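Working notes, structure below.
Only the coordinates and a few stated rules stand behind these numbers; no lab work does. A quick note: this is a predicted structure, and the numbers were derived from the prediction, not measured. Here the Cβ is made from the backbone with ideal geometry for all residues, glycine too, and neighbour counts use every protein chain on show.
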Amino acid sequence: MPVILAIESSCDETSAAVCADGKVLSNFIATQAIHEQYGGVVPELASRAHMQHIVPVVDKALKEANHTLAEVDAIAFTQSPGLIGSLLVGGQFAKSLSLALDKPLIAVHHMQAHVLANLIDDPKPAFPFLCLTVSGGHTQIVLCESPVKMKVIGETIDDAAGEAFDKSAKLLGLPYPGGPLIDKYAKEGNPNRFPFPEPQIAGLNFSFSGLKTSILYFLQNAGKSNLFKEEFTATEEEKQAFIQDNLADICASIQHRIVTILLNKVKKAAVETGIKEICLAGGVSANSGLRNSFQEMGKKYNWNTYIPAFQYCTDNAGMIAITAYYKFLEGQTDPITISSSARAAWSSD
Ligand code: KG4
Ligand code: ZN
């Protein structure tokens, strides 16, 4: 029965969603285009845009779900992690609504919500399942035993996968965010032409900073000498010409390496845990190379694989709503005095 209104404002998307009885009825997302010209998210501009968007976005989500504020049973919001000014806008708005309507408040951890985006549509994974969450800020493998019991069993020790895509794209002179552009050019390229080295990191953790350095050297050498080492044999003109002539193969090779770094650890996690229900989550799961290789790997190893619909992969309030639904069922509501931005416990690590 519970009707939940959820708000997400952790970074640069202002989003509101309504879910009733575990079904997401609306998921409205206002994207902030203003950051493109700065090559990354500007926190102060993000908070201001959230202030402008939040009322119309909540209105639209309620209308689309055919519900009124009076029918809402609980208000949920993203508590962490995120940009502090951005989190505060959604958090304070949710608290004000909770106080005015006298309805329970539910603080949601953004990373738990990315994982549970897999429970929005059918078919849903069975518990326990593994989830590879890959976004601009995070790269994690999560073991999920129930909607409210999860454990991070692997994560990046430096850059996130999305950052690896975006920073590689920047080195190629592509605009921010470059991940989708690498994906686009990679479709025409040969992924095996430039074999970027794979980092050797113990356990289930990831590292992407070495890849970034080898791409930097590779471009500075412009194919003239030892590909991935610091030699700097090419001029700037030669470098630009090299990028132009080989863009598709370079993008395909970078994407191939990022995807193999990710999926080799997923394979290791599946072997170590014996779990064959495996999910993707986060904005980088939009990457076609990752999706294809993930599904092929699933067939090869007999996994059941799951990827949320695109609108639930990037930052969205639908995933906050579904997480709040399960927390509500467990009686996990929060007092109005809870912090709007503090790091909350969400996994047993
Ligand atoms: O989850 P998300 O929307 O926001 C964060 O919470 O970070 O993820 C955004 C990240 C960016 O780094 C973006 O470049 C990357 O996801 N991304 C992609 C693709 N679409 C989005 N990376 C590679 N290929 C894509 N198709
Ligand atoms: Zn996110």
Residue-count net charge about Ala186 - beta-carbon cut-off 14 Å; Lys, Arg +1, Asp, Glu -1:
+2
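Given a cut-off of under 8 Å on Cα pairs at least six residues apart, what relative contact order in percent is computed for region 125-307? Write out the running numbers ahead of the final one.
On the way: 342 pairs, mean separation 50.5, N = 183.
In percent, rounded to a whole number, it is 28.
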Using alpha carbons only, how many degrees (0 to 90, rounded to 10) separate the axis of helix 236-273 from the longest principal axis of the chain?
60 degrees
Please check: in the Gaussian network model of the chain (C-alpha springs, under 10 Å), which one of Gln140, Gln79, Gln295 has the largest mean-square fluctuation.
Gln295
For region 110-162 and region 240-318, write down the distance between their C-alpha centroids in whole Å.
13 Å
Checking the a/c ratio against 1.5 first, then a/b against b/c, what shape does the Cα gyration tensor give for region 55-122?
oblate
Sorting Asp73, Asp315 on the 10 Å Cβ count, fewest up front, what's the list?
Asp73, Asp315
Rounded if a/c is under 1.5, else prolate if a/b beats b/c, else oblate: with a ≥ b ≥ c from the C-alpha gyration tensor eigenvalues square-rooted, which is region 125-307?
prolate
Checking the table Lys60/Lys300; Lys149/Lys265; Lys60/Lys299; Lys268/Lys327; Lys187/Lys229; Lys149/Lys299 against a 32 Å threshold on Cα-Cα, which pairs fail?
Lys60/Lys300; Lys60/Lys299
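If the chain between Lys170 and Thr235 were fully stretched, how many nm would it gain, using 0.36 nm times the residue separation less the Cα-Cα distance? Write out the running numbers ahead of the final one.
Values: separation 65, 0.36 × 65 = 23.40 nm, distance 1.84 nm.
Once the chain is fully extended between Lys170 and Thr235, it gains 21.6 nm.
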Can you give the direction-averaged projected area of the convex hull of the alpha-carbon atoms in the chain, in nm²?
17.4 nm²
Over region 125-307, what is the percentage of antiparallel beta bridges among all DSSP beta bridges, to the nearest 5?
60 percent
With R₀ set to 56 angstrom, the calculated FRET efficiency between the beta-carbons of Lys224 and Phe310, to the nearest 0.05, is 0.90
